[in-house]
Structures are given as structure tokens and as C-alpha cells.
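Chemist: What follows is a single structure, and I will ask about it in a moment.
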Amino acid sequence: MAKAKNNTLTLKFDTARVYAPAPESKSAAKILPQYDLFINGKFEKPISKKYFNTINPATEEKLSMVADANAADVNKAVKAARNAYDKTWKNMPGKERAKYIYRIARMIQERAREFAVIETLDGGKPIRESRDFDVPTAANHFFYYAGWADKLEYAFPNRTAQSLGVAAQIIPWNFPLLMAAWKIAPALATGNTVVLKPAETTPLTALKLAEIIQEADLPPGVVNIITGAGATGAAMVNHADINKIAFTGSTAVGKIIQKAIAGTGKRATLELGGKAANIIFDDAPLDQAVEGIVNGIFFNQGHVCCAGSRLYVQESVYKEVLRKLKDRLETLIVGDPLDKNTDIGAINSKEQLANIHKYIKIGVAEGAEMYQSNAAIPTKGFFCKPTLFTNVAQSNRIAQEEIFGPVLSIQTFRTDDEVIEKANNTPFGLSAGVWTDKGSKIFNLTTKLRAGVVWANTYNQFDPTSPFGGYKESGYGREGGLHGLYPYVEL
Amino acid sequence: MAEKKISIPSFSLPPRIDQVGVEERASRFTKRSIKKETKLNGLFLTLNMIDLTTLEGKDTVGKVRQLCYKAAHLHDTYPGLPHVAAVCVYPSMVATAKKAVEGTGIKIASVATAFPSGQSSRNVKIADTKFAVQQGADEIDMVISRGKFLEGEYNFVFDEIAAVKEVCGEARLKVILETGELVTYDKVRRASDIAMYAGADFIKTSTGKVTPAATMPVTLVMLEAIRDFYYKTGKMIGMKPAGGISKSKLALHYLVMLNETLGSDWMNNQWFRFGASSLANDVLMQLEKERTGVYQGKDYFSID
């Protein structure tokens, strides 16, 4: 009989976290000691003459050095994109464009293992996730949009779609390769050319993609990939000769971009932050709902804009859900991202870890009750245990502000109307989750939740055919599906 | 230790199990990478958890004796191997089997209650069970009345299990739900709850006579039922997936699932069994490969 003292029943999960090391081999990853800027089909030294390091957040070791593009480098890239647009890409038949996009998709597939390993080394996400989700989904985006390139006359009934010109694209560090795919694929399919900047902490898979693009013989200048930090991004946004901006990142920077382009005629899509409500009703399939909670907030260490970071549990099942959730937390393995058994990898950077710790302190100071699993975490590198906060109210800062880490705020609710109101009571509106066995309740909730993506009895499901984007301060514009073509065409 | 008073829930309330969610969670367990000492320990544990089974109309004294020898001597050229947990036979073969495993520590499990269909009278099922127990069975594997279950006669199913448990005496009772005939996960959950509240010591997936037999999602639903029951009553219940598990890799996935759902207290043959016949030889093949570095052909491992 497994009874602890004081007659409290517990299950023992300490051994469930201990598997013999099962590391993915690093040998698949060919990382050069230094990378230049990919402009006009070639790797060019930066005019700025500056480089910066990119490190492995799990070990703090340096992986490589990448160029720091200044305004002159940005100008060079935009010129190359404009030239390629005017001379080559604008007039190329959709069928031919499709072939290039398809080729890129195939090459990503062929080098899937290399991409997955580099993504894990550079960003800290578990190899299981980069292998099973990031890389295949990135390839799928190219496959999907390759299919649209020659069918644009059917996409917009009674309208002729025309490309815009040069798109400046700035992507975040949480899904580096996937975000590059989300941006580049629809832009190319609709006949635009691209200048793309990956995040400064995760440049490597975008540079690998540049190598593939070069090998795929894409006409020079159609896709340009330049590395740099905030200043480079600003130079891109402010460049006079771009027609469209696509940005995924924080709401704060989104607002800066919005202000900067006001009155310029530049088109924009912004995919910003979120604080999604994940709602568990008393008639939910509870064990599967708990799995959904875990996937919602601990997938990718919680570095997900659509993460289910606000949990709402109907009060009548609260104790049971909490008990199941705590048990499930005990089986999550935090560790070396390259180990195939790791569930929660490294936090992307020192800064982000500091930010998460700041919010954990705030939560404790606000009087919320913190719970963390007994998992051991590595002493080197940037790691955070999966964390729950109970005794949270709608007015707590940890229930309002985006933490972007493996930290879940848990509240209870009593009625359907109450939870709809509370779920919508936020400046954000990117995503939400609803867990119930009752079909009518699903329809009721999903029509009333003000979120761009609502999942029912599942969470964090993505597909190239399915449009993704937010309401309110989570941004505007959609990526994926037919809707993902709109931002890149003039109708 | 005061006995906790167990209140029996209403079995007419439909359980809520989401099929997509269950299947996703079950497939996640298969993503665990089991290597080196984890693999070795898992393989040894698997062997020790097997109920070596023969349930054929043509079983004879000779056949059962030879199976029992295999049960105690899986592969004598590999020193230090554990023996299987039990041998599972029809009631008429219990006495033979009991004598054949004397001194080995291997248990004798007998099927009973008009196995495999369960389509007979209460008296016949009780007599069947009593006979097996008198013959020396350490464990009884009974079948539930699936027909009555699908008719909605949950109290009937409950009473039947309780009555069989009563005549088991010292023998531990495994209740076979025959999940292949129940089909949906909701029904499997309901049947699991009925069996546990009625007195089962183990809940078991299948007779092995119907496809599909054990699957990982079905087993997961039953493990989660056991977990909820444990938290409500403090009582541990064992679990046995039977049929369709013939490869070591799959057995190891099951052990991962068990470890991450119920924890280390269940990771022994007191609380978990594999109902399998050809699994043992595949495990032996894997163990030899770990030891020598190469795979040997099937002919190097004796069948019973």
C-alpha cells in the first residue's frame, strides 16, 4: 500500500524522470565558424564589418559568429530584392515560381535531421520537438504555398491578385525555421521578393535555409537573409523602398513598427503576444484536458505566443484537475535539449530567463501560491522548472502580462458566462482553448471568445492550411491558408 | 490501519474519455528513447512480468508440462535471467501446471467463468471458479458478461464479479473486460470502474481470442481508471494487457506508460503483467543482442 504519512495518497514518479542518456548526435549539424549576409544569391561580408556571437543556451558555449547588418547592408539587400522583383520574379509565371518553392520544401525534408539538430543547439528547444514538429511543419508550409503559386486566379473570385513588391520580414526566436517558412513561402508564392531578418539569438537555421536557397538556384535577390539585432530591424522597417512589413514578435515592438509606418503606405501584418485562456469545464475529459494544459504551456518551454498561459478550471472539478496536473508535472523531464527524452529544454537566453524569474517573483509577491515539480534541472545553461501558480485572480499581474515561459496561472470559475467574460477580459486575443465533452458548449464558447484561434479539446495544433493570427493587441493579419495570401497581394 | 469506507459510484453516469487525446498521449510514450541500462532493466522486468499462456482446446498434460519447463528455464545459456511471473491455463490443466512449477516461485493463473465468452449461468461460472481454485490456482482470470454490459445491466455485471471474488479465497482475481468487444474508450472506462469497485485485484484487457486485443490507448484508459480508484480508495489495483504484444520494443513502451501514469510502486509483477506467448523469445533475442552485439536467428531460442 503506497501511503505516505498523514494518510495522504501519493504516486511515486521520481524514477519516471530518469532514463539512460539518449542524445541525438551533433555530427549531423555542419555549423561554420562564421556567417556573412546572404544578399543577391551570395554570402557577402557586411559593410558594417561587425559580427556577433550566437550561443547554445543549454551550455552557454559559442556556436558561431554572424554578421551584424547596418543600414547600408539593409539598403544593399533591399536593392537586390527590388532588382530581382523588377527584372525576374514579378513576371515569372506562377508555375515556375512554384517549382522553386517546391524545391526548397524538398531540400528541407532531405536535410531534416541537420536542421533539427541546429535548431535545438541554437535555440534550446528539445530535439523531439524540432524533429517532430518544427522542421516537418516548415517543409509543409513551403509545399502548401508552392501549390498556390499557379492558382492565384482562383484564390480571389472576380479579382486579379497582384504582388506588392519587396517584403521586409522580421521573425522571432521561438520557432526560428518555422517562422522563416511562414514568412517566405506565401511571399514567394504571390510573386514578392523578400528581405528577412532572423532573431539575434537564433540566426543559424535561417542561414542554413539561405544555403539551401542558394543551392536551389533561386534567382539571386529573390530571397535575402540578413542577420542583426533591433537596429537592423528598424533599418528595414524604415527603408523607403519596401512595400510590406511582416513582423512576429512582442507587442511593444509591434506598436513601434505601427507608429513608424503610419502615413507611408507600407502594408503590414503583425503577429504579436498573447495571454490565452485555456478553459476546463466540469464535463471535460479530465485526463486528456490535463494533457492539453501541459501541451498548452510547457510545449517549447512556454515560448509560444499562443501558449495557454491562463488556466480556468470550473470550481467543481478544480481539486481533481490540480491533483492530476501536479502528477503529470512530475513526469516532465527538464534537461539537455539534445537528449531525445527531454520534454522541457533550455530557456532561449539569459535575458528571457531573467524575465521569467522576475514574473515568478511578482507572482509570489502578489500572494499567489507557487508550485514546481521535483525535477532536477542542469546547473549550467538557462533552465526553468515547470511552474504553476494557484490562488490567482484576474487582477494579478501574472494573469495579465505575458511571461513567455513555463509558468501557468490558474484560476477557478463557476459559470459559462463568467469564464467567457474573463477569457475576453484582456488586451490580447490570439488564441484560446475549450475543454468539454458537450458539443453545444463548444459552439457556444468558440463563437463568443475573442481570439483568432480557438481550440476545442486540443491545443497548439498547427497546419499550413489553417490561418493563424490575433485580435486586438495580438496583432492583425493572418498566416497560413488562403487567408495567408491576402497580406501579400493587391486586389 | 483503518479500512477506508468505499462508496460505490453510479455506473450509469457516462465517463468522459476523449479518443483523440488518449491516442495522442499513448503515442507520446512511444517517443521515449530507451537505451543502455534503462533498456536492459526494462527487458529483465518485462520477462519477470510475463504470464506465459496456453489456452487451446487441444492442450494436453504433455503440452502444459513442456510450457512450464520453458517458464522456469527461459534460456539457460544466459545466466541470471528471471523466470516469468505465471503460467496461464484452463482449469483442467491447473493441477498439472501446479506440479510442474513446484519450487520455482512461478504462479499458476487459471481462466474461469465460461472463458472466453462468459455466456453461461451463474452456477456454472461459480462452479468453474471453485474447481480451478481447488485444483490449486493462485490467480483466477475471469471474464465479464459483455452481453449484459451492452444491455446496460451494470448491476448484474457488478454482482457477478463480486460473487466470483467471494469464491476465490486466497486466489487473486483478474477481471477480463474484453475491450475488443466493448470498442469505445468510454465503455472500457465504465467496465474498469465496475470491476474495481466489485472486488477485482487486477483488470485485464482481453481473452486473446478476439481482435483487437490489448492496445496502448486502451491500456492507458485502464491505468488512468486505476489511478483515480487509488486516489478515491487508497487501494492498489493491478493491470494486465493481453494479446498483441509480441515485440520487446512495444513491451518497453508499455512500461514507460506504466511508469509515467502510476509510478514506481506498480513497476513489478505484483501489479503488472503481460499476457503474451511469443514476447518472451523476442526479449531473449534483444538481451542476447545487448550481450553479444549481434542478433541471432529465431532458431537459437527454444519454443516450449
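Chemist: Write down the percent of antiparallel bridges among all DSSP beta bridges whose residues are both part of the protein assembly as shown, to the nearest 5.
Modeler: 25 percent
Chemist: Whole number please: convex hull volume per residue, Cα atoms of segment B:1-143, in Å³. Working shown, then result.
Modeler: Numbers: hull volume 33.6 nm³, N = 143.
For segment B:1-143, the hull spanned by Cα atoms encloses 235 Å³ per residue.
Chemist: First measure r as the distance between the Cβ atoms of B:SER92 and B:SER12, then evaluate 1/(1 + (r/R0)^6) with R0 = 45 Å and state the FRET efficiency to the nearest 0.05.
Modeler: 0.70
Chemist: Continuing with the same structure: For n ≥ 4 DSSP H runs only, could you compute -39500 (n - 2.57) per run for the protein assembly as shown, divide by its residues and tell me the 222 nm figure to the nearest 500?
Modeler: Value at 222 nm, helices only: -12000 deg cm²/dmol.
Chemist: Taking only Cα atoms of the protein assembly as shown, what ratio of Rg to Rh do you get with Rh as the Kirkwood inverse-distance radius?
Modeler: 1.04
Chemist: What FRET efficiency, computed as 1/(1 + (r/R0)^6) with R0 = 41 Å and r the Cβ-Cβ distance, is obtained for B:LYS298 and A:GLN109, rounded to the nearest 0.05? The partial results should precede the final answer.
Modeler: Working: r = 36 Å, r/R0 = 0.89.
Rounded to the nearest 0.05, the efficiency is 0.65.
Chemist: Under the rule of at least 5 residues apart or a separate chain, name every residue whose amide H is placed under 5 Å from the amide H of B:LYS107.
Modeler: B:ALA86, B:VAL87
Chemist: Taking a threshold of 31 Å on the Cα-Cα distance, which of the pairs B:LYS107/B:LYS289; A:LYS319/B:LYS36; B:LYS36/B:LYS298 fall above it?
Modeler: Exceeds cut-off: A:LYS319/B:LYS36.
Chemist: Let me ask something else about it. log10 I(q)/I(0), Debye, Cα-only chain B, no solvent, q = 0.08, 0.12, 0.14 Å⁻¹?
Modeler: -0.34, -0.77, -1.05
Chemist: Oh, and also: Neighbour counts of other C-beta atoms within 10 Å: give me B:PHE11, A:PHE247, A:PHE299 arranged from fewest to most.
Modeler: Ascending number of Cβ neighbours within 10 Å: B:PHE11, A:PHE299, A:PHE247.
Chemist: Give me the Kirkwood hydrodynamic radius of segment A:277-456 in Å, from all C-alpha pairs, to one decimal place?
Modeler: It works out to 16.4 Å.
Chemist: Most exposed first by the Cβ proxy, i.e. fewest other Cβ within 10 Å, how do B:ILE8, A:ILE362, B:ILE108, B:ILE237 rank?
Modeler: B:ILE8, A:ILE362, B:ILE237, B:ILE108
Chemist: Expressed in whole Å with the largest first, what are the equivalent ellipsoid semi-axes of segment A:345-389 derived from the C-alpha gyration tensor as the square root of 5 times each eigenvalue?
Modeler: On the way: eigenvalues 74, 39, 8 Å².
Semi-axis lengths for segment A:345-389 are 19, 14, 6 Å.
Chemist: If you don't mind, another one. What's the exposure ranking of B:VAL218, B:VAL124, going from fewest to most Cβ atoms within 10 Å?
Modeler: By the 10 Å Cβ count, ascending: B:VAL124, B:VAL218.
Chemist: Still on this structure, I have one more. Please compute the length gained on full extension between B:SER264 and B:TYR78, using 0.36 nm multiplied by the number of residues separating them and subtracting their Cα-Cα distance.
Modeler: 64.3 nm
Chemist: Let me ask something else about it. Spin-label point model (7 Å from Cα, Cβ direction): what's the A:THR379 to B:LYS232 distance in nm?
Modeler: That separation, rounded to one decimal, is 4.7 nm.
Values in this text are rule-based calculations from the coordinates and carry no lab data. Small disclaimer: the values here were computed from a predicted structure and weren't measured. Every residue, glycine as well, gets a Cβ built from its backbone with ideal geometry; the counts of neighbours run over all protein chains shown.
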